[in-house]
Amino acid sequence: MTTPSSIHSTDKAQKALIVIGTRPEAIKLAPVVKALKNRTDMDVRVCATGQHTDMLFPLLDWFGVKRDYTLDVMEHGQPLSHLAGKLMAGLHDVMAEFNPDIVVVQGDTTSAFVGAMAAYYSYDYFWKSGLRTTPPKIAHVEAGLRTGNNYSPYPEEVNRRLIGHMCHWSFAPTQESADALAREGIREGVYVTGNTVIDALFETSRIVRESGRNPLPQIGTDKKIVLVTSHRRENYGTGLQEICEAVKTLAARYADAGIEFVYPVHLNRNVQGPVHDMLGNLENVHLIEPQDYPDFVAMMSRSHLILTDSGGVQEEAPSLGKPVLVMRENTERPEAVAAGTAKLIGAKAGKIIAETSALLDNELLYRQMAQAKNPYGDGKAAQRIANLLCGESAEKNFLGREAA
């Protein structure tokens, strides 16, 4: 664990530790960090767990988020149990040093789950050492997402379920997520705030637009772009092969129609191998390195249609007016499907080809998805969360209703 020498205790009323492990967590927690740091009644420290490093640290720099603590937990190919053990030990040391009143985690990663568990377990240490008589309160940003299948997505579904039962605050992005928590008996401290990813997206898209950023200069502006992303564990193997077969067929079908397929290929070897083997020599398929967040936002803005198995893209793309075809068997974001901004199509080549072709060939169908209302909020979620963490009234700070 590394800590900067500039860390000192303060006399501020409350101390909040923000645990960030992966790129999506950085995107969704950066607005919360900024909103809390703008207040005078909160001492905020950020712990980067190192679950992602090459993708995480540049993103934190982009948002201007300083790392107060940095753990070194990643080892290629290590089992989740080893990762969890390293995270637990490292986060215990951070909490023992900082003694936070509040620990904030986001979503459903191993870093988020262990962050919440380490805060819960730290009560034993604080009580025995006499540092604290009550445990740190746990706040869960983006709470209540559910598929109902403990192995899809794995391990995220179980991570977020368990986090939910340790929290003092559960910040649900939508009413559907709050209702899911209520069905599990989690009703107190549940607030519908909107999703902080929209806060980050609005800020980034404005900067990208004003700067004229163009990550795809090799593709003429007269071309339509289909953006493809796939990295889910449940699609490794057969699922990814089906996705690549679909892209290969679609690329051949629309080669003369000015359609270009852009695929930022995840660094995981389970993704790199099949994608390059099956799609590496196609003229209108562009296999590129994973993009930093600003460039990816620029690519989403430039795209005509998005094929993905990502969770965050289902939230971001509708705000940019881009239809999303979700290459998964289920989704923890049913609001997008219900709103018509996303469609759940699975990872079978035939279905992917049929649904993509329908949107490329039918302008009316395309407009219906592109113009559907985004259900994930107004870009003010982080401020609502900061206000609630600082003890302000819920009534003026949340969307919808507080869970009964």
Exercise. Has segment 159-180 got at least one residue that is surrounded by fewer than 19 Cβ atoms within 10 Å (Cβ to Cβ), within 23 Å of the chain's Cα centre (by Cα) and among the small types (Gly, Ala, Ser)?
Worked result: no
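Are any residues in segment 277-303 under 17 Å from Ala252 (Cα atoms) and either of a type in the set (D, E, K, R) or in a strand (DSSP E or B) (or both), and if so, which ones? I'd like the intermediate steps shown before the answer.
Step one: filter segment 277-303 for residues under 17 Å from Ala252 (Cα atoms), giving 277-287.
Within segment 277-303, Asp277, Glu283, Val285, His286, Leu287 meet the criteria.
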Exercise. Quick one: would you say Leu279 is surrounded by 16 or more Cβ atoms within 10 Å (Cβ to Cβ) and in contact with a Cys (Cβ under 6 Å, 6 or more places away or on another chain)?
Worked result: yes
Exercise. Would segment 304-322 turn up any residue that is modelled with pLDDT of 90 or more, over 20 Å from Tyr376 (Cα atoms) and touching a helix residue (DSSP H, G or I) at 6+ places or on another chain (Cβ under 9 Å)?
Worked result: yes
Exercise. List pairs: first in segment 256-285 and modelled with pLDDT under 90, second surrounded by fewer than 19 Cβ atoms within 10 Å (Cβ to Cβ) and part of a loop (DSSP other than H, G, I, E, B), Cβ under 6 Å, 6+ apart or cross-chain?
Worked result: His266/His231; Asn270/Tyr236; Val271/His231
Problem set entry | segment 57-76 residues that are more than 27 Å from Val297 (Cβ to Cβ), paired with ones that are modelled with pLDDT under 90 and outside any loop (DSSP other than H, G, I, E, B) (beta carbon under 8 Å, 6 or more apart) | Tyr69/Thr2; Asp72/Thr2
Seminar exercise, completed: Ser129 vs (1) surrounded by fewer than 22 Cβ atoms within 10 Å (Cβ to Cβ); (2) at pLDDT 90 or above: all pass except (2)
Exercise. Is there a residue in segment 115-137 that is out of contact with any strand residue (DSSP E or B) (no Cβ under 9 Å at 6 or more places or on another chain), over 20 Å from Pro100 (Cα atoms) and not small (Gly, Ala, Ser)?
Worked result: no
Exercise. Among the residues of segment 314-359, which ones are small (Gly, Ala, Ser) and either within 19 Å of the chain's Cα centre (by Cα) or at positive phi (or both)?
Worked result: Ala317, Ser319, Gly321, Ala336, Gly340, Ala342, Gly346
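The values are calculated or read from the model by the stated rules, or taken from the named source; none is laboratory data. These figures come from a predicted structure and were not determined experimentally. Heads up, the Cβs are rebuilt from the backbone with ideal geometry, glycines too, and the neighbour counts pull from every protein chain shown.
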